[in-house]
Amino acid sequence: MDINDSEKISNSTAVSWTVNTTMTTMASLSLHSYPERVVAGFLFLLIAVINITGNSMVILAVIFSKKLRTSTNVFVVSLSSADLLAGLAMPISAVALLTPGNSWPGSTEAPCYIAGLLLYTSSSASLFNLASIALNRLILIKSPMKWYRILYTKCNLVINVVVIWIVAIAIMTVPPLLEIGSFGYDKQHHTCSDLDTHLKAKTFERIQTFASYPIPFIIIITSYIIIFVHVRRHFKKQISNETNVTNPGTGSSSSGVNPTFQTSDSTAVLRAGRLDRLNRQQLEITKNLFMAVCAFFICITPYSVALFIPNNDRFLLFGGVVFLCNSCVNPIIYAAKHPQFKKVLRLMLRCKHSEIEEPSDALKKLTACCK
């Protein structure tokens, strides 16, 4: 055997070893089996369908009805827009999850990069919008109306929403520009997200969590606790007043029939009805506040906390699925539970758009075109 043959064998062995090593490394990067990926992929698609349907309905309801154009609903629409963007990005991650192998199926990773950036930015914006809604409700309930109107002028509302989105975009774009993390096809989880294989991936994850989670968490919990205490005191006072009026200290009549008994009985029935209504209102408000806090805790907190726990990378894929469920729950908590929203949404589902109160110019034009 001459030197050239020996070199060819040596080169061939080196190439083979390199290919095998690369394949082993690629296989070791994957944290989930293909059946697990399929389950996660279908969950992504299911969440996306519910998300897009629910959030589109909320946005259209505000477009169609002028009655829904309140200061609080500005944040509800911003929240629905953020959740809708997340829903539009999810199917691209589902494609990555459902494609066998360990590489992005397309010729370029650009769609995956955009989907990852969009998903994370919209999720961050969603958290800040949730906090803004909680703060808006707190100020509405606790502050004099004149201060509320000064704080939430049209100009201030626009500035508030713009700042929310600028902050969310900055959190997700500035670190990658400084080479701290990146987005694209994550070979560990087979999703379009931030890259866990990046040298500074953990640093990027912590920046995301610290910048997006604690402030909304503190605002939401504090605001809803204060609202709950305030509402509870308010209803207790009203119930106490009604009870005192219903059972006043009166003298007794020793003879004859009091001609005011019938009137008193009717008044007592009316007041008992008001007490029952007050109790039901208190229960409904408490239930809505409880749902908002629980949704935040159950959907968002586990994933955010898990990013700081070592050796739990396998959990993050399905923790992310739970996190994204929040985008489906928000339209129910912040829109469908609202009486006026509920009324408009029902009319939309029944295609009775002409019965919507205070229809917008856009709805009037749409109705005229369909006639």
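Each residue in region 163-187 was checked for being in contact with a Cys (Cβ under 9 Å, 6 or more places away or on another chain) and either modelled with pLDDT under 90 or not small (Gly, Ala, Ser) (or both), and 3 of them qualify.
Scanning region 93-126 for residues that are farther than 19 Å from Ser33 by Cα and over 18 Å from the mean Cα position of the chain (by Cα) yields Gly106, Ser107, Thr108, Glu109, Ala110, Pro111, Cys112, Tyr113, Ile114.
In region 188-237, the residue that is nearest to Ser126 (Cα to Cα) out of those that are basic (Lys, Arg) and at pLDDT 85 or above is Arg206. Would you say Ala48 is hydrophobic (A, V, I, L, M, F, W, C), in contact with a Gly (Cβ under 6 Å, 6 or more places away or on another chain), within 30 Å of Cys351 (Cα to Cα) and at pLDDT 90 or above? When the stated conditions are applied, Ala48 passes them. Of all residues in region 61-75, at least one satisfies being under 30 Å from Arg206 (Cβ atoms) and either touching a helix residue (DSSP H, G or I) at 6+ places or on another chain (Cβ under 6 Å) or assigned to a helix (DSSP H, G or I) (or both).
For beta carbons closer than 8 Å, sequence separation of 6+ or different chains, a first residue in region 340-355 that is more than 11 Å from Met57 (Cβ to Cβ) and a second that is β-branched (Val, Ile, Thr) and assigned to a helix (DSSP H, G or I), the qualifying pairs are His353/Thr367; Ser354/Thr367. For region 304-359, the set of residues classified as among the polar types (S, T, N, Q) and surrounded by fewer than 19 Cβ atoms within 10 Å (Cβ to Cβ) consists of Asn311, Asn312, Gln340, Ser354, listed by residue number. No other residue among Ala295, Ala306, Ala362 is under 23 Å from Ala40 (Cα atoms), more than 15 Å from the chain's Cα centre (by Cα) and modelled with pLDDT of 80 or more apart from Ala306.
Residues in region 187-207 include at least one that is assigned to a helix (DSSP H, G or I), surrounded by 16 or more Cβ atoms within 10 Å (Cβ to Cβ) and in contact with a Gly (Cβ under 6 Å, 6 or more places away or on another chain).
State yes or no: is Ser103 closer than 19 Å to Ala335 by Cβ, in contact (Cβ under 8 Å) with a residue 24 or more places away in the chain and either in contact with a Phe, Trp or Tyr (Cβ under 8 Å, 6 or more places away or on another chain) or not charged (D, E, K, R) (or both)? It is false that Ser103 is closer than 19 Å to Ala335 by Cβ, in contact (Cβ under 8 Å) with a residue 24 or more places away in the chain and either in contact with a Phe, Trp or Tyr (Cβ under 8 Å, 6 or more places away or on another chain) or not charged (D, E, K, R) (or both).
It is to be established whether one or more residues within region 140-147 are surrounded by 15 or more Cβ atoms within 10 Å (Cβ to Cβ), aromatic (Phe, Trp, Tyr) and either out of contact with any Ser or Thr (no Cβ under 6 Å at 6 or more places or on another chain) or not in a helix (DSSP H, G or I) (or both). Among the residues of region 140-147, not one is surrounded by 15 or more Cβ atoms within 10 Å (Cβ to Cβ), aromatic (Phe, Trp, Tyr) and either out of contact with any Ser or Thr (no Cβ under 6 Å at 6 or more places or on another chain) or not in a helix (DSSP H, G or I) (or both), which makes the answer no. Of everything listed in (1) touching a Cys at 6+ places or on another chain (Cβ under 7 Å); (2) surrounded by 24 or more Cβ atoms within 10 Å (Cβ to Cβ), the single unmet condition for Ile47 is (2). Looking at region 309-331, I want the residues that are under 22 Å from Ser81 (Cβ atoms) and among the aliphatic types (A, V, I, L, M) and have a partner that is assigned to a loop (DSSP other than H, G, I, E, B) and modelled with pLDDT of 90 or more with Cβ atoms under 6 Å, at least 6 apart or on another chain. Which pairs are those? Nothing qualifies.
Pairs linking a residue in region 148-162 that is touching a residue at least 24 places away in the same chain (Cβ under 8 Å) to a residue that is part of a helix (DSSP H, G or I) and surrounded by fewer than 11 Cβ atoms within 10 Å (Cβ to Cβ), with Cβ atoms under 9 Å and 6 or more positions apart or on different chains, do not occur.
The values are calculated or read from the model by the stated rules, or taken from the named source; none is laboratory data. Because the structure is a prediction, the values reported are computed rather than measured. With ideal geometry, Cβ positions are generated from the backbone for all residues, glycine too; neighbour counts draw on all protein chains shown.
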